[in-house]
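Read through the structure below, which is laid out as structure tokens, and then see the notes.
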Amino acid sequence: MGMGKVFLVGAGPGDVRLITVKGLEAIKQAEVILYDRLANPKLLEFAPDECELIYCGKLPDRHILRQENINDLLVEKALEGKVVVRLKGGDPGVFGRVGEEAAALANYQIPFEIVPGISSGIAAPLYAGIPVTHREHAESFAVVTAHDKSKDGKPMLDWDGLVRGVDTIAFYMGVGNLPFISENLIAHGKPSSTPVILIQWGTFGRQKTLQGTLEDISAKVLKAKFSNPAIILVGDVISLREKINWFEKMPLYGRQILLARTSESVSGIAMEFIEKGADVIEFPKWKKTNLPMGLANVTEYDKILFSSPECVSEFFKAIMEKGIDIRKINADFYGCSSKSINALKERGFMASLIEDMPQEGSLLVVGDDRKYVVENADFIITSKKEIDQQFLPIFQRMLEEAEINTMVFPSAASVDVFIEGLKKCDIDVSDLLKKVQVVCMGQQTKNAVERVGLSVDGMPVSATRESLVDYLIQCPIE
């Protein structure tokens with residue numbers, strides 16, 4: 001067995017688009033990923049299906065795995081000859097204990113690379129409209145741990161040096177010690193009127209901010225019940241926020257969307273939500289196994305119905321592999337969703353939705369192992385899909401961290417599989433969506449949702465991505 005390799009990767013501050021290209025490349029080749037709480041779990045979806053995912057936890061008050069255990073696991077998996085990724089929120093070199101992990105690997109002469117990430121202490125303020133330096137307000141910047149190894153966890157810092165020598169100070173994970181921090185900064189010469197801002201879940205759509213001064217911020221935090229994960233920023237540069245706050249003005253900022261998922265690929269709808277400022281959790285996560293297809297009679301049908309965009313790709317790939325001349329297929333094409341229609345259009349074929357498919361004529365349904373109820377049709381099963389069991393506990397943790405306010409069903413096919421996935425997590429769909437705005441794309445989807453006893457918000461949205469986004473922008477969050 002050969003020696004493996006370890007990549008110690010910074011996942012960035014939260015927004016999945018902020019990971020580095022090199023970090024993403026490491027995830028895509030990983031055989032094992034050890035990940036922390038603050039690494040966005042959506043990044044794990046870029047890993048190969050067979051990749052082993054190990055949660056290392058690390059809440060402020062408890063660890064799922066202690067650092068020594070993490071070091072041992074990195075060594076153990078690498079000695080098994082595997083490509084291992086240690087995925088950490090922010091930058092691994094900024095309070096990420098990467099030095100200890102790298103030293104443990106070096107002790108065994110295990111090859112490793114350290115992949116920097118964007119640090120939360122810089123990114124979170126920027127997403128709150130605050131550059132940590134500015135020619136007129138802040139010529140120096142420091143990142144500081146807000147708790148340490150001391151018995152009471154109070155940071156032992158050079159308070160006088162911070163006050164005299166640093167214009168902008170970013171304290172990491174320090175909400176519990178905020179009164180101690182404020183008192184010491186004031187005692188060592190910082191004016192009590194110095195601006196302070198707390199940025200919780202920075203760069204996520206659920207980002208929240210709380211602003212005050214050294215004198216009153218602790219009381220505001222108690223009143224608002226503000227908690228970690230949060231960056232505490234101290235300095236006059238915070239005054240720029242009023243003019244250049246940009247992220248919190250995004251059209252879907254504040255939307256925490258749960259999106260029912262029918263494919264194993266990343267959803268274009270989800271990416272559009274994220275680009276407009278929303279938080280998105282897609283569920284369930286699917287694993288796919290391609291199946292052999294019998295295509296001998298494929299040219300004899302009048303109509304071909306595709307159940308998903310993946311089926312479109314799998315069907316035409318098989319057509320090419322078997323040497324079938326596509327010009328001999330004279331059938332009209334139909335799709336069960338707008339995504340299937342778009343997949344056909346990308347290949348140069350005009351297609352219509354299933355609602356517009358006539359009854360007459362022979363029909364071939366190209367689908368996966370979820371059966372569509374279509375009378376007098378032949379079926380070709382392109383692949384077998386199953387819920388990825390490894391992602392069920394990940395989804396449960398994501399739900400615990402979020403405050404879902406919007407549920408989107410993009411197609412009728414998404415309804416039953418979504419509920420099936422929830423049952424595997426011991427979650428009742430009615431309880432989960434009790435106070436959540438439920439939105440459907442298309443009348444068939446609305447009918448499917450109502451059949452399972454759920455209430456739908458307003459009228460069904462027409463089955464286009466643009467109309468769905470417009471609807472969510474115009475419709476207020478309840």
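The values are calculated or read from the model by the stated rules, or taken from the named source; none is laboratory data. Since this is a predicted model, take the numbers as computed values, not measurements. Note that we place each Cβ from the backbone using ideal geometry, even for glycine, and neighbour counts take in every protein chain shown. Side chains included, ligands, DNA and RNA excluded: accessible areas come from the protein's heavy atoms. Shrake-Rupley method; radii C 1.70, N 1.55, O 1.52, S 1.80 Å.
Tabulated values for the structure
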| read-out | value |
| --- | --- |
| Some residue of the stretch 106-120 being touching a helix residue (DSSP H, G or I) at 6+ places or on another chain (Cβ under 9 Å), in a helix (DSSP H, G or I) and touching a residue at least 60 places away in the same chain (Cβ under 8 Å) | no |
| Enumeration of residues in the stretch 458-477 that are touching an Asp or Glu at 6+ places or on another chain (Cβ under 8 Å) and either in a loop (DSSP other than H, G, I, E, B) or open to solvent by less than 60 Å² (accessible area, probe 1.4 Å) (or both) | VAL469, CYS475 |
| Residue check, VAL16 among the aliphatic types (A, V, I, L, M) and surrounded by fewer than 16 Cβ atoms within 10 Å (Cβ to Cβ) | no |
| Scan of the stretch 181-240 for residues that are open to solvent by less than 40 Å² (accessible area, probe 1.4 Å), within 30 Å of LYS42 (Cα to Cα) and of a type in the set (A, V, I, L, M, F, W, C), ordered by number | ILE197, LEU198, ILE199, TRP201, PHE204, LEU210, VAL221, PHE226, ALA230, ILE231, ILE232, LEU233 |
| Test: residue in the stretch 33-48 that is more than 23 Å from PHE204 (Cα to Cα) and either at pLDDT below 95 or in a helix (DSSP H, G or I) (or both) | yes |
| Residue check, ALA124 open to solvent by less than 30 Å² (accessible area, probe 1.4 Å) and in contact with a helix residue (DSSP H, G or I) (Cβ under 7 Å, 6 or more places away or on another chain) | no |
| Condition met for ASP167 (charged (D, E, K, R), touching a residue at least 40 places away in the same chain (Cβ under 8 Å), surrounded by fewer than 18 Cβ atoms within 10 Å (Cβ to Cβ) and in contact with a helix residue (DSSP H, G or I) (Cβ under 8 Å, 6 or more places away or on another chain)) | yes |
| Members of the stretch 241-272 that are out of contact with any Asp or Glu (no Cβ under 6 Å at 6 or more places or on another chain), open to solvent by less than 20 Å² (accessible area, probe 1.4 Å) and assigned to a helix (DSSP H, G or I) | PHE247, ILE269 |
| Residue satisfying all of: in the stretch 427-457; of a type in the set (S, T, N, Q) and touching a strand residue (DSSP E or B) at 6+ places or on another chain (Cβ under 6 Å); surrounded by the fewest Cβ atoms within 10 Å (Cβ to Cβ) among these | GLN437 |
| All positions within the stretch 415-468 that are within 16 Å of GLU355 (Cβ to Cβ) and of a type outside the set (S, T, N, Q) | CYS440, MET441, GLY442, LYS446, ALA448, PRO460, VAL461, ALA463 |
